[in-house]
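This report concerns only the one structure given below.
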Amino acid sequence: VPSPFECWLTLRGIRTLPWRMRAHSSNAEQVARFLVGHRNVLAVHYPGLESHPGHAIAQRQMALPGGMLSVEVRGGREAAMSLTGRLRIFTRATSLGGTESLIEHRASVEGPETRAPEGLLRVSAGLENAEDLIEDLERALDY
């Protein structure tokens, strides 16, 4: 049972939730569109992209495609892990629901039995400026 203070925090935060979700989704879409065209990216998985196999379903079911995406980078595990280490804005972490941009190497989180590709990174786009997020990714990808 939440305390009165926790309830107050929830009520306080819920007032801006629709605006935060719009920014979360918009940032993810801008990042996804940037990543699609990058030479060191093999694939981008984001339902807001027309090329995504679930795009039509997402458009029917969702007001916004969300703030989560996955990207497969060239070079497998080593390239993916190296990229995450070069990022300055994105934090290496597993979480949903924060306002900061996060990135994780999925295969490392799942362990040796994973079926996730070794070059797959999962991204939660935060509320930072989308241009800053893209610049951070571009610098890390171009290293």
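Observations
- Per-residue surface analysis assigns Phe34 an accessible area of about 40 Å², computed on protein heavy atoms at 1.4 Å probe radius.
- Heavy atoms of Glu118 accessible to a 1.4 Å probe, total area in Å² rounded to 10: 80 Å²
- Of the solvent-accessible surface of the chain, computed with a 1.4 Å probe and all protein chains present, 54% belongs to carbon and sulfur.
- Value of relative contact order over segment 17-60, rounded to a whole percent, pairs C-alpha under 8 Å and six or more apart: 24 percent
- Backbone HN-Hα couplings from phi across segment 30-40 [Karplus 6.51/-1.76/1.60, Hz, Gly and Pro as x]: 5, 5, 4, 5, 5, 4, 4, x, 7, 5, 9
- Solvent-accessible surface of the chain, averaged per residue with a 1.4 angstrom probe and all protein chains in place: 61 square angstrom.
- Once you reduce segment 11-28 and segment 45-78 to the center of their Cα atoms, the two points are 19 Å from each other.
- Angle of helix 4-14 to the longest C-alpha principal axis of the chain, folded into 0 to 90 degrees and rounded to 10: 60°.
- The structure shown yields Cα extents along the principal axes in Å, and of the options (1) 39, 37, 27; (2) 50, 32, 32; (3) 103, 38, 26 that calculated value carries the label (2).
The values are calculated or read from the model by the stated rules, or taken from the named source; none is laboratory data. The structure presented is a predicted model; accordingly, all values stated were derived computationally and were not measured. Please note that ligands, DNA and RNA were not included when accessible areas were found on the heavy atoms of the full protein model with its side chains. Shrake-Rupley method; radii C 1.70, N 1.55, O 1.52, S 1.80 Å.
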